[in-house]
Amino acid sequence: MEVISARYVISSATHKQCPPPDHPEYAFIGRSNVGKSSLINMITGQTKLAKTSATPGKTKLINHFEVISSDKKKWNIADLPGYGYAATVSQKARNNWGNMIESYIRKRENLVCLFVLIDSRHSPQAIDLAFINQLGEWQVPFVVVFTKTDKNKPGATVRNVDAFLQALSENWEQAPPHFITSSTKRTGRKEMLDYIGGLNASFKKL
């Protein structure tokens, strides 16, 4: 599957303001500065669709993009605020973002899969593991996407990915699907698009 076109649609403060749930939707989330915008741009084949920033916590709303792919399907990407917030953000803002994220994840009717981004440069982080375990309690379908592999030596990527999956095994009988990516080298793009294409094929309109 290949992306034919992608465009920005709307930014929403709550799940109720999101576009009508007419098409399959894939949400992307991770800690601040995990490379989420760069990954979305890489997947869609565009350079400026999702705005990248050197400032952690820049995404404060749910940003929606409409994608049309070569399988003649129309689907949405939702760019969610990060769950690891910049130190300069107030506690009230953190609570508001947290409530917005939880409401979207648990109530968005057409959410097919949540892509949880993990920085491959680091050993397993407690905040990432806790978030994934919470998804299990909510019974939300998700996959793990390891980012920024181009900034690692290959051996470090393998060690960190293996360590993360091992840490997950403490609470999960089976590891979730995962992808190894680099937005710079476009690593993992085909695999992720093919995965989305498979899910698109089985999506039933509400």
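The values are calculated or read from the model by the stated rules, or taken from the named source; none is laboratory data. As the structure is a prediction and not an experimental result, all values here were calculated from the model. Every residue, glycine among them, receives a Cβ derived from its backbone with ideal geometry; neighbour counts consider all protein chains shown.
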Going through the stretch 7-44 one residue at a time, which ones are among the small types (Gly, Ala, Ser), over 20 Å from ILE132 (Cβ atoms) and at pLDDT 95 or above?
none
Just the residues that are in contact with a helix residue (DSSP H, G or I) (Cβ under 8 Å, 6 or more places away or on another chain) and farther than 19 Å from ILE127 by Cα, please, taken from the stretch 158-187.
PRO177, PHE179, ILE180, THR181, SER182, SER183, THR184, LYS185, ARG186, THR187
So which residues in the stretch 5-49 are hydrophobic (A, V, I, L, M, F, W, C), loosely packed, with under 14 Cβ neighbours inside 10 Å and touching a residue at least 60 places away in the same chain (Cβ under 8 Å)?
ALA13
Among (1) surrounded by fewer than 16 Cβ atoms within 10 Å (Cβ to Cβ); (2) without any contact (Cβ under 8 Å) to a residue 24 or more places away in the chain, which single condition is LEU165 missing?
(1)
Looking only at the stretch 134-164, how many residues end up being within 19 Å of SER38 (Cα to Cα) and part of a helix (DSSP H, G or I)?
4
Matching residues in the stretch 108-130 - criterion: being of a type outside the set (Asp, Glu) and not in a strand (DSSP E or B)
ARG108, ASN110, SER120, ARG121, HIS122, SER123, PRO124, GLN125, ALA126, ILE127, LEU129, ALA130
Scanning for something assigned to a helix (DSSP H, G or I), in contact (Cβ under 8 Å) with a residue 24 or more places away in the chain, of a type in the set (A, V, I, L, M, F, W, C) and surrounded by 13 or more Cβ atoms within 10 Å (Cβ to Cβ), does the stretch 173-190 turn up at least one residue?
no
